[in-house]
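Input: a single structure, listed below in structure tokens.
The values are calculated or read from the model by the stated rules, or taken from the named source; none is laboratory data. Because the structure is predicted, anything quoted here is derived from the model rather than measured. Positions of Cβ are backbone-derived with ideal geometry, glycine not excepted, and every protein chain shown enters the neighbour counts. We work out accessible area using only protein heavy atoms, side chains counted, and drop any ligands, DNA or RNA first. Shrake-Rupley method; radii C 1.70, N 1.55, O 1.52, S 1.80 Å.
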Amino acid sequence: MMKKIYRKYLSALIAILIISPTMLLAGNKDRTGEAGASEILINPWGASSGWGNCNAASVRGIEGTFMNIAGTAFTKGTDIKFGYTFYIGNINILSAGLCQQVGQTGVLSFYISNMSFGEIDITMASDPEMNRGTYSPNCLNIGLAYSKMFSNSIYGGIMVKLISESLYNTSATGVAFDVGIQYVTGKKDNLKFGITLKNWGPNMKFNGDGQSIRLPIPGKGENQFTLQIRPATFELPSQLLIGLTYDIVTESEYRFTFSGTFISNAFAKDQIAVGMEISLKEYLIIRGGYTYEEGIFNHETRTNLFSGPSCGMTVNIPVKKGSRNGFGLDYSYRFTDPLSGIHSIGVSLDF
């Protein structure tokens, strides 16, 4: 009975991913900037961001909550991770996540990511020079996921995300879904394929006192009336990722991994991300990547802050002799133009 349920779940998952490209192909480069909640496209984790988001087929653990939720299904025991990204100016991203194995083949995952913008002065259009205090815009994303190992080769998962954006007098809340699968094959499980649909959900819109203004009533002296502005809805920045990864493992347990991912954006230019990772017995991992999109070399046509290259490294410190589980440190740097690049650091606990 349970096997039939799992097969139905897997069949539905694959059907969604096969049908979804027709939905995403409605988007094109001419729609760049028309979607909202674009902060959910920023990778907050220090490992996968280091090689340009090219590892949709091979991501593992909590970082799968961004790249491909199926990657969380590989968790054995407990995986905890914290991340901090120094973005632009006063903009910073603080993230935390947890993967917990449930039973023999299931994994429950939870993550929270908060983007803060610092203090901004409150001014009025009628008197822009007057400072009426400060406010702190905030973007909060919370995700809850379940993933499962269906066989030794097939892994899948689904995640629901709560998206919240707020100013001091207006806010928007929405829900999005991620669904993904990964397939592992080869004599040493060294060939991996992954596909995931991200950020699919209903439209969002802002509500609150910030959608209304006070205007004087003509001929009524100081009397005023409130004009309520009807906010337009906005769509979420959906993506379809298709990735392939190949590992070369030497007899001395050194690993060379080559990975590539095609990223189809509903509201931006499509991208191709490629990267390489070198692992020294999984204790020291060095990685680099490049994300290409049309017009990226032209300052006048590029629509992305990122200029393409990225790099990073991970140091894993085992807590027990003979075990690779323990404490990990991640770092990544993403090149930008303009501005001076984006730094991300992460701390992980795996036990």
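Here K320 and D189 are evaluated by their C-beta separation; at R0 = 30 Å the FRET efficiency comes out at 0.80. Would you mind classifying region 250-351 by shape? Square roots of the alpha carbon gyration tensor eigenvalues, ordered a ≥ b ≥ c; an a/c under 1.5 is rounded, otherwise it is prolate if a/b is larger than b/c and oblate if not. Prolate, because a/c is 1.5 or more and a/b exceeds b/c.
Among the GluC sites (Glu not before Pro) in region 249-351, those placed in a DSSP loop whose Cβ has at most 10 other Cβ atoms within 10 Å are E251, E300.
Based on a Kirkwood Rh over C-alpha pairs, give the Stokes-Einstein translational diffusion coefficient of the chain at 37 °C and viscosity 0.692 mPa s in µm²/s. Approximately 151 µm²/s, per Stokes-Einstein.
Rounded to the nearest 20 debye, the dipole size of region 293-351 about its Cα centre is 520 debye, using +1 on the Cβ of Lys and Arg and -1 on the Cβ of Asp and Glu.
Using the Karplus relation 6.51 cos²θ - 1.76 cosθ + 1.60 with θ = phi - 60°, the per-residue 3J(HN,Hα) values for region 50-58 come to x, 10, x, 6, 9, 9, 5, 8, 10 Hz, with x marking Gly and Pro. Per-residue Karplus couplings for region 151-164, computed as 6.51 cos²θ - 1.76 cosθ + 1.60 with θ equal to phi - 60°, are listed in order as 7, 5, 10, 10, 10, x, x, 9, 9, 10, 10, 9, 10, 10 Hz, Gly and Pro entered as x.
Comparing L108, L144, L41 in a Gaussian network model of the chain where C-alpha atoms under 10 Å apart are linked, the largest mean-square fluctuation is found at L41. Taking the dipole about the Cα centre of the chain, with the C-beta of Lys and Arg at +1 and of Asp and Glu at -1, give me whichever of V179, V107, F117 is farthest to the positive side. Towards the positive end, the residue furthest out is V107.
Using the 1.4 Å probe convention, the accessible area of region 283-351 works out to 57 Å² per residue with neighbouring protein chains retained. Entry comment: accessible area of region 156-260 is 56 Å² per residue, from protein heavy atoms only and a probe of 1.4 Å.
Can you give me the relative contact order of region 217-351 as a percent, contacts being Cα pairs under 8 Å and 6 or more apart?
It comes to 13 percent, rounded to a whole number.
Per-residue ellipticity at 222 nm from helix content only, as computed over the chain with -39500 (n - 2.57) for each DSSP H run of at least four residues, stands at -2500 deg cm²/dmol. Springs join every pair of Cα atoms under 10 Å in this Gaussian network model of the chain, and among T250, T32, T185 the largest mean-square fluctuation is at T250. Within the accessible surface of the chain, defined with a 1.4 Å probe on protein heavy atoms only, the carbon and sulfur portion equals 62 percent.
Phi angles across region 306-315 convert, under the Karplus curve 6.51 cos²θ - 1.76 cosθ + 1.60 with θ = phi - 60°, into 3J(HN,Hα) values of 6, 8, x, x, 7, 7, x, 7, 9, 10 Hz, Gly and Pro given as x.
The relative contact order of the chain, computed from alpha carbon pairs under 8 Å that lie at least 6 residues apart in sequence, is 20 percent. Qualifying GluC sites (Glu not before Pro) in region 155-244, where qualification requires a DSSP coil assignment and no more than 11 other C-beta atoms within 10 Å, comprise E222. Computed from the C-beta positions of S153 and Q228, the FRET efficiency with R₀ = 56 Å rounds to 0.50. Rounded to the nearest 0.05, the FRET efficiency derived from the C-beta distance between V274 and S171 at R0 = 41 Å is 0.60. Placing +1 on the Cβ of every Lys and Arg and -1 on the Cβ of every Asp and Glu, with nothing else charged, gives region 39-148 a dipole about its Cα centre of roughly 680 debye.
In a DSSP loop and with at most 10 other Cβ atoms within 10 Å, the trypsin sites (Lys or Arg not before Pro) in region 146-196 are K187, K188. Taking a sphere under 14 Å around the Cβ of L197 and counting the other residues whose Cβ falls inside, with K and R at +1 and D and E at -1, yields a net charge of +1. Taking label positions 7 Å along the Cα-Cβ direction at both Y254 and K205, the computed distance is 6.0 nm, reported to one decimal. Relative to the longest principal axis of the Cα atoms of the chain, the long axis of helix 2-24 makes an angle of roughly 50 degrees. Which one, T301, S151, M130, projects farthest toward the positive side of the charge dipole computed for the chain from Cβ point charges (K/R +1, D/E -1)? So the residue furthest toward the plus end is S151.
You can think of it this way: the chain between R31 and Y292 has 92.1 nm of extra reach, that is 0.36 nm per residue less the Cα-Cα gap.
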